Amino acid sequence: MGWLVVFFDLPTTTPEERRNYIHFRNQLLEDGYTMVQYSVYARPCVTHERMATHSRRIQKMIPPDGSVRCMFVTNIQWDKMFVFHGKSKPPQDISMPEQMLLW
């Protein structure tokens, strides 16, 4: 089990680029991704096959001028992540969904 982490940099200077950004972000959310921080989203994946499927979906969604990177990390690596934050914002707990833990 692990996480597919998506990092993206999409231009937003023109109205069309902003529409592309919103569309890309909404597609990620509809596909089960959770925002980790701005322009970084993650989705739990039970198998490498599932990770490959979602990677292909991302490839098809990329706007023309976008830059997107994907990285797969195991659940153990994810749990070892360090999260630092200021006083004003507590960290968001993003953990494996209960139904995924059954596998």
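Identify all residues within the stretch 42-86 that are of a type in the set (A, V, I, L, M) and either in contact with a Pro (Cβ under 7 Å, 6 or more places away or on another chain) or within 19 Å of ILE22 (Cα to Cα) (or both); write none if there are none. If you could, list the steps in order and put the result at the bottom.
Step one: filter the stretch 42-86 for residues of a type in the set (A, V, I, L, M), giving 42, 46, 51-52, 58, 61-62, 68, 71, 73, 76, 81, 83.
If the condition is that a residue be of a type in the set (A, V, I, L, M) and either in contact with a Pro (Cβ under 7 Å, 6 or more places away or on another chain) or within 19 Å of ILE22 (Cα to Cα) (or both), then ALA42, ILE58, MET61, ILE62, VAL68, VAL83 are the ones that fit.
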(request) Would you mind telling me which numbered condition in (1) touching a Gly at 6+ places or on another chain (Cβ under 9 Å); (2) over 19 Å from GLN77 (Cβ atoms); (3) assigned to a strand (DSSP E or B) ASN20 fails? (result) (3)
(request) Could you grab me the full set of residues in the stretch 3-17 that are touching a strand residue (DSSP E or B) at 6+ places or on another chain (Cβ under 9 Å) and either free of Cβ contacts under 8 Å to residues at least 12 places away in the same chain or in a strand (DSSP E or B) (or both)? (result) TRP3, LEU4, VAL5, VAL6, PHE7, PHE8, ASP9
(message) If I filter the stretch 48-72 down to residues being among the polar types (S, T, N, Q) and closer than 22 Å to MET1 by Cβ, which single residue comes out as surrounded by the most Cβ atoms within 10 Å (Cβ to Cβ)?
(response) SER55
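Given the structure, is CYS45 under 12 Å from the mean Cα position of the chain (by Cα) and surrounded by 17 or more Cβ atoms within 10 Å (Cβ to Cβ)? Show your work before the answer.
Values: under 12 Å from the mean Cα position of the chain (by Cα): yes; surrounded by 17 or more Cβ atoms within 10 Å (Cβ to Cβ): yes.
Here the answer is yes, as CYS45 does meet what is asked.
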(request) Filter the stretch 59-87 for residues that are part of a helix (DSSP H, G or I), without any contact (Cβ under 8 Å) to a residue 60 or more places away in the chain and either of a type in the set (Lys, Arg) or in contact with a strand residue (DSSP E or B) (Cβ under 6 Å, 6 or more places away or on another chain) (or both) and give the result. (result) LYS60
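Only the coordinates and a few stated rules stand behind these numbers; no lab work does. Just so it is clear, the structure is predicted and the values come from calculations on it, not from any experiment. Don't worry about glycine lacking a Cβ; one is built from the backbone with ideal geometry, like all the others, and counts go over all protein chains shown.
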